[in-house]
Every structure is written in C-alpha cells, then in structure tokens.
Amino acid sequence: MKTGDGIIKGMKEHADEDARKEVIELLSSVAPHLAKKLEDVVDSVHWIGKKESGRHRQMIVQFAMRQYRDEFWKITKNSQRCTERGIRFTEDLSAEDEVLVQLFSRSSRKRR
C-alpha cells in the first residue's frame, strides 16, 4: 500500500473546480475537529483517468501523514454526509495488494 494515499469514489466533477478545495471542504464537514489542519494535511488531489461524460472518475488524495489517511478512512465509513452524497473513501492499493485482498477474502468465505 502506498503510504499516505487514499481514493475517493463517487465525488461529482464540476467545470473549473479546485479538486483540492472540494476535498478539503468535504473532509472538514466530516471531521470538523481537523478543519484547521486540513490545508497542511491534504497534500495533493488528482482525478484518475480520462474525463468521460456520464461516468464518475475516482480521485486520489495524498495526505501528509499516514495517520490522517487512516483517521479519515475510519470516519468516512460511517459518515452520513458521505452516504447522502454517494461518496466512499477507500485505500489506494497496488495491483499486488488487491490480489492479496481478493485471495484472503475468498479463503475467508470458504472457511465459513
């Protein structure tokens, strides 16, 4: 897993938007206790893939420290605001990590 990266799924794109500002606003509404630190905590934000009409792209968020990524991942899991907007925060896994997760989940299901 990459150190301080997270993926946001379901965030809508707007013309002439500042993606970093949008993410900071979302995270400050989900975790108001960290709102003052977010300018320093959120390092960079980028859309992933080509822009296509009718399709939502994922965003990659690079955090200054892994602990903040982990904290936001936990907070957003149960966030009503994220649920209402159809937004999910996930880990940024490498291709090798994704294969391991799939194998682990298959073996766990077989044991049940």
* Quick one: would you say S29 is surrounded by 12 or more Cβ atoms within 10 Å (Cβ to Cβ), polar (S, T, N, Q) and without any contact (Cβ under 8 Å) to a residue 40 or more places away in the chain? -> no
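For every residue, the table says whether it meets (1) at pLDDT 70 or above; (2) of a type in the set (V, I, T); (3) part of a loop (DSSP other than H, G, I, E, B).
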| site | (1), (2), (3) |
| --- | --- |
| E71 | yes, no, no |
| I75 | yes, yes, no |
| T83 | yes, yes, no |
| T90 | yes, yes, no |
| E98 | no, no, no |
| R106 | no, no, no |
| K110 | no, no, no |
* Structure fact -> Checked region 1-20 for anything loosely packed, with under 13 Cβ neighbours inside 10 Å and farther than 15 Å from T90 by Cα; matches are K12, H14, A15, D16, E17, D18
* Return yes when E52 is out of contact with any Asp or Glu (no Cβ under 8 Å at 6 or more places or on another chain), closer than 20 Å to K12 by Cβ and modelled with pLDDT under 85 and no when it is not. => yes
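The values are calculated or read from the model by the stated rules, or taken from the named source; none is laboratory data. Computed from a predicted structure; not experimentally measured. Methodologically, a virtual Cβ is constructed for each residue, glycine included, from the backbone with ideal geometry; neighbour enumeration extends over all protein chains shown.
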